[in-house]
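For reference, the structure is listed below as structure tokens.
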Amino acid sequence: WDDGTVAVFPVKADGSLSPASDVAILERTTSVDEYSQRSAHAHSANFDPTNRMVFACDKGTDRVYTFLVDAAKGTLTPAKVLKTTPGIAPRHSSFHPRLPYVFAINERESSLSSYRYDVKTGDVEVIQTIPTIPADFTKRSSPADVHVHPNGKFVYGSNRGHDSIGVFAVNPSPGTLSPKQWVPTNGSVPRFFAFDRAERFLYVANQGGDTIFAYKVGHDGKLSPTRIKVAVGSPACIVFSRGASS
């Protein structure tokens, strides 16, 4: 496989992209699975709440990286590397809006990890890892996406195989999670999902079911299905534009 990388692309005034101004090559190594982890496989890169650091998940080598971003120069400086539990394959991450936590969903283990995050140094320290699926589900499942609700009280994760969205309550101190609900996605292979800008609804892309399905988000964090269902060919990702709301 090719190298796993994190790249910076300057945005022009008209919204188009310039060529990459910097490319960080992730560690060339392997992990547990001979096929999916035979090299680095960078799968997500998110800015932290300060926009000074980028947090990257490498599911190929079971590592999470932080990079310091120089916005003026468009460069990356390596900050920290955390070797996670071998074989869990950290895939996507989401930061708490106020507290020093970041949550990463793990593709091979069907689990969700809580990390303490230092915005000054980029240090990452594991707090807890819990299953994303119920204990009585024994078939293969592969988590995909994770998001913290904008109110910071709940974390949500998608499960491909179990075909559900898991809802987890956040304990503000010490940043642990506890399961509250698993709701079926009314379709198969729920890959990505997103909250609308009003934070009232959650939309799920059922890649295998060719549908986008909407849920109402309750004050207790739980999801209630709506009648909003859109037929879309193999939807893989949902992103709301700025200012958009349902």
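Which lysines, on any chain, are close to K83 with Cα under 30 Å apart, when same-chain ones fewer than 8 places away are left out?
Within reach: K59, K73, K120, K139, K153, K180.
Around A40, which amide H atoms from residues at least 5 apart in sequence, or from another chain, sit under 5 Å from its own amide H, with H modelled in the peptide plane?
Long-range HN contacts for A40: G4, T29.
Packing-wise, with mean Cβ within 10 Å as the measure, how do 147-153, 172-178 rank, highest first?
Averaged packing, sorted descending, gives the order 147-153, 172-178.
Counting Lys and Arg as +1 and Asp and Glu as -1, what is the net charge of the other residues whose Cβ lies under 12 Å from the Cβ of L26?
The answer is -2.
Under 12 Å from the Cβ of I165, count the other residues' Cβ atoms, weight Lys and Arg +1, Asp and Glu -1, and hand me the total.
Result for the neighbourhood of I165: +2.
Output wanted: per-residue J couplings in Hz (rounded whole) for region 197-204, from phi through Karplus 6.51 cos²θ - 1.76 cosθ + 1.60, θ = phi - 60°, x for Gly and Pro.
Using θ = phi - 60°, the values come out as 5, 7, 6, 9, 10, 10, 10, 10 Hz.
Rounded to whole Å and sorted largest first, list the principal axis extents of the Cα atoms in the chain.
Result, largest extent first: 47, 44, 39 Å.
Once amide H atoms are placed 1.01 Å from N in the peptide plane, what residues at a sequence separation of 5 or more from H92, or on another chain, have their amide H within under 5 Å of its amide H?
Under 5 Å from the amide H of H92 lie the amide H atoms of I105, each far enough along the sequence or on another chain.
Could you order the peptides 227-240, 186-199, 132-145, 98-111 from most to least packed, using the average number of other C-beta atoms within 10 Å per residue?
98-111, 186-199, 132-145, 227-240
Tell me, what HN-Hα J-couplings in whole Hz come from the Karplus equation 6.51 cos²θ - 1.76 cosθ + 1.60 at θ = phi - 60° for each residue of region 17-30, using x for Gly and Pro?
Coupling constants for region 17-30: 9, 7, x, 4, 8, 7, 9, 9, 8, 6, 4, 8, 8, 10 Hz.
Enumerate the amide H contacts of A79 below 5 Å, restricted to partners 5 or more residues apart or on another chain; note that Pro and chain-start residues carry no placed amide H.
HN-HN under 5 Å from A79: T66, F67, L68.
Take the alpha carbon atoms of region 28-91, find their center, do the same for region 184-225, and report the distance between the two centers in whole angstrom.
One Cα centre to the other: 27 Å.
Under 15 Å from the Cβ of L76, count the other residues' Cβ atoms, weight Lys and Arg +1, Asp and Glu -1, and hand me the total.
For residues surrounding L76, the net value is -3.
How would you rank 80-86, 212-218, 154-160, highest first, on the average number of other Cβ atoms within 10 Å across their residues?
Result, highest mean first: 154-160, 212-218, 80-86.
Taken together, the values in this text are just the output of simple stated rules run on the coordinates, not laboratory data. A quick note: this is a predicted structure, and the numbers were derived from the prediction, not measured. Neighbour counts run over all protein chains shown; Cβ positions are idealised from the backbone, glycine included.
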